[in-house]
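Undergrad: Encoded as structure tokens, here's the structure I'll be asking about.
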Amino acid sequence: MTLLSADQSVRLPEPGKHISPSLYPTDYTGSKENYMDSEDSAVFGAVEAPRRSRGRLILHGMVMFGREFCYAVEAAFVTPVLLSVGLPRSLYSLVWLISPILGFLLQPIIGSASDYCRSSWGRRRPYILALGILMLLGLTLFLNGDAVISAHVSDRSLRSTWAIVVVMIGVVLFDFAADFIDGPIKAYLFDVCSHQDKERGLHYHALLTGLGGAFGYLVGAMDWGHSILGQLLGSEYQVIYFFSAFTWGIFLTVHLFSIPEQPLGKDPFATDPSPSSALRRLGSHSNGYGGLAKEPVSPAGPASVPDLRPRSFSALGEANSVTSSAKQPNKEAQKRMTFRLMMKTVINMPNHYRYLCVSHLLGWTAFLCNMLFFTDFMGQIVYNGNPYADHNSTAYATYERGVEVGCWGLCINAVSSALYSYVQRVLLPYIGLKGLYFVGYFVFGMGTSLIGLFPNIIATLILCTVFGVMSSTLYTIPFNLIAEYQREEEEQLKLRGSIERQRGSGVDCAALTCMVQLAQILVGVGLGALVNMAGSVIVVVISASTVSLFGCVFIALFIRNVD
């Protein structure tokens with residue numbers, strides 16, 4: 001890869017001259033002429049990350065298997081657990097709204113902060129580890145809170161109150177961390193992989209997401225209460241927790257050690273004093289996070305040299321301007337990292353990024369409309385059951401049967417999501433990323449409309465495959481488009497010989513993930529009111545279909561195509 005334009009030159013150090021290995025981001029020692037001509041400016045573009053093997057990419061994607069496994073367990077058991085501890089129905093919306101509101105407020109800040117993280121373990125992995133631990137803690141409180149409170153509190157009314165509080169905290173904490181962790185995982189993939197491997201890595205993410213959801217729903221559908229494990233561990237919920245915690249712990253660990261991540265402030269070539277090593281040091285930070293900016297010579301002394309700062313793709317680069325004092329760049333960046341600034345930079349992002357966020361919001365709103373109420377739709381509309389009937393009545397038993405079949409429908413969704421990730425790779429050369437994006441929304445919109453118009457058991461289960469098409473689309477195509485947009489920007493900067501700041505994968509992935517939380521807020525606030533107005537949950541699938549088809553039109557008109 002060419003690092004310098006044709007009219008730029010670099011003067012290599014003379015024999016015996018020393019170049020400080022601390023190029024990133026502290027000052028150089030020695031004469032400026034030993035490094036670069038004062039008359040010429042050198043622009044070091046992003047250096048492509050090394051190619052990764054299939055095994056490494058699969059190991060990196062295993063975290064998505066574990067995350068979706070735990071998500072499936074929560075989706076299958078959150079309502080029974082909340083009902084079992086006596087949570088009033090008036091508080092259901094509170095449980096679903098707290099987590100996305102927190103995520104929407106904090107996601108951009110964390111995404112940008114990870115762009116500047118100077119941990120020796122890398123920029124993304126410390127955040128992934130912290131959020132992974134929070135996920136495990138939330139899962140622990142969610143599935144074991146009632147049992148723990150029952151063992152330590154004897155008063156019945158007090159025990160019920162504490163059980164509700166602990167389980168609610170567990171659900172909110174798990175949702176918050178599980179939603180939050182997706183952004184750093186995607187940014188980690190973008191940082192350590194070449195452009196070709198980003199596409200392959202996202203494919204494995206989609207595949208393993210589908211498989212994880214399928215296994216999670218299967219484990220949740222089994223009757224563990226009368227098994228040996230159920231008798232050994234105490235109850236069905238403890239067995240489910242054992243499988244979930246074990247799966248998540250193993251696959252999170254595998255993910256964190258799958259691909260080495262280069263720390264932001266560490267020079268991997270410090271032990272190599274050769275002139276070629278000096279050039280590699282300047283361009284070694286993948287994805288354009290490293291760069292060279294030439295500053296005027298400070299009158300303080302001859303040791304002042306061009307200021308080297310860690311280039312972040314983050315929009316916070318506007319606030320984190322290069323100054324002549326480069327000794328504490330991270331501290332300066334952190335002081336300016338405010339929520340107001342982050343919201344301003346997200347709003348002022350380039351049009352094609354903003355349109356992508358809007359389409360992602362529409363897609364997730366349609367998807368969540370359907371997924372959060374699908375088992376209830378199966379029980380009430382497809383099976384004609386009644387969730388408000390007496391628990392020993394035929395109507396309630398019929399409703400429960402519909403909910404169980406709905407869980408199998410969600411399992412079909414997970415399997416089809418994994419399989420469709422392969423279909424995407426076949427279709428990609430023919431219709432491109434924008435075409436795949438449109439097809440995903442269109443298939444989901446048409447499928448859900450047919451389910452609403454013809455609520456037949458067999459037809460509904462078959463049409464559950466379209467949920468997987470949408471799921472795979474939402475988890476991969478928007479992030480692929482971000483990678484393509486950033487690659488185009490890098491190539492344009494190289495052609496212009498420019499040193500403009502570029503956007504960061506951390507804040508871009510965080511902006512997309514914010515749309516998931518915003519969709520949850522919209523669904524939680526609006527869909528319940530729609531159901532009450534219509535008097536039937538059939539409005540759920542009709543709403544999902546309408547929003548998805550509107551998203552098709554938006555994609556066709558506003559999403560920028562890439563070659």
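The values are calculated or read from the model by the stated rules, or taken from the named source; none is laboratory data. These numbers come from a predicted model, not from an experiment. Here Cβ is always computed from backbone atoms with ideal geometry, including for glycine, and neighbour counts include all displayed protein chains. Heavy atoms of the whole protein, side chains included, go into the accessibility calculation; ligands, DNA and RNA do not. Shrake-Rupley method; radii C 1.70, N 1.55, O 1.52, S 1.80 Å.
Undergrad: Against the empirical 2.2 N^0.38 Å scaling, what ratio does the C-alpha Rg of the range 505-563 come to?
TA: Details: Rg = 15.0 Å, N = 59, 2.2 N^0.38 = 10.4 Å.
Compactness ratio reported: 1.44.
Undergrad: Separate question: Write down the Kirkwood hydrodynamic radius of the range 379-418, to one decimal in angstroms, obtained as one divided by the mean of 1/r over all alpha carbon pairs. Let's see the in-between values first.
TA: On the way: mean 1/r = 0.0952 Å⁻¹.
Result for the range 379-418, one decimal place: 10.5 Å.
Undergrad: For the range 413-563, what does the accessible surface come to per residue with a 1.4 Å probe? Please give it in Å².
TA: Values: 6060 Å² over 151 residues.
Using a 1.4 Å probe on heavy atoms only, each residue of the range 413-563 averages 40 Å².
Undergrad: Still on this structure, please answer the following. Starting from the alpha-carbon convex hull of the range 348-487, give the projected area averaged over all orientations, in nm². Write down the numbers at each step before the final one.
TA: Details: hull surface 39.2 nm².
Mean projected area for the range 348-487: 9.8 nm², to one decimal.
Undergrad: Can I ask one more? Find how much the distance from residue 351 to residue 229 grows on full extension, using 0.36 nm per residue of separation minus their present alpha carbon separation; answer in nm with one decimal. Don't skip to the answer; put the middle values down first.
TA: Values: separation 122, 0.36 × 122 = 43.92 nm, distance 5.43 nm.
Residue separation times 0.36 nm, minus the Cα-Cα distance, leaves 38.5 nm.
Undergrad: Suppose the chain between residue 408 and residue 395 were pulled fully straight at 0.36 nm per residue; how much longer would it get relative to their current alpha carbon spacing?
TA: Working: separation 13, 0.36 × 13 = 4.68 nm, distance 2.04 nm.
In short, 2.6 nm is gained.
Undergrad: Rounded to the nearest 0.05, what FRET efficiency is calculated for residue 534 and residue 157 with R0 set to 30 Å and r the Cβ-Cβ distance? Walk me through the numbers before you get to the answer.
TA: Numbers: r = 37 Å, r/R0 = 1.23.
With a Förster radius of 30 Å, E is 0.20.
Undergrad: While we're here: With r defined as the distance between the Cβ atoms of residue 54 and residue 148 and R0 fixed at 45 Å, what FRET efficiency is calculated, to the nearest 0.05?
TA: Details: r = 43 Å, r/R0 = 0.95.
Efficiency computed from Cβ-Cβ geometry: 0.55.
Undergrad: What ranking of 68, 199 comes out by heavy-atom accessible area, probe 1.4 Å, highest first? Could the numbers behind the result be given before it?
TA: Values: 68 35, 199 75 Å².
Putting 68, 199 in descending order of accessible area: 199, 68.
Undergrad: If you stretched the chain out fully between residue 257 and residue 121, how much longer would it get, using 0.36 nm times the residue separation minus the C-alpha to C-alpha distance? Could the numbers behind the result be given before it?
TA: Values: separation 136, 0.36 × 136 = 48.96 nm, distance 1.03 nm.
Length gained, residue 257 through residue 121: 47.9 nm.
Undergrad: Hey, could you grab the Kirkwood Rh for the range 114-182? Inverse mean 1/r over distinct alpha carbon pairs, Å, one decimal.
TA: 13.3
Undergrad: Compute the normalised compactness of the range 120-245: alpha-carbon radius of gyration over 2.2 N^0.38 Å, N being the residue count.
TA: Working: Rg = 18.3 Å, N = 126, 2.2 N^0.38 = 13.8 Å.
Compactness ratio reported: 1.32.
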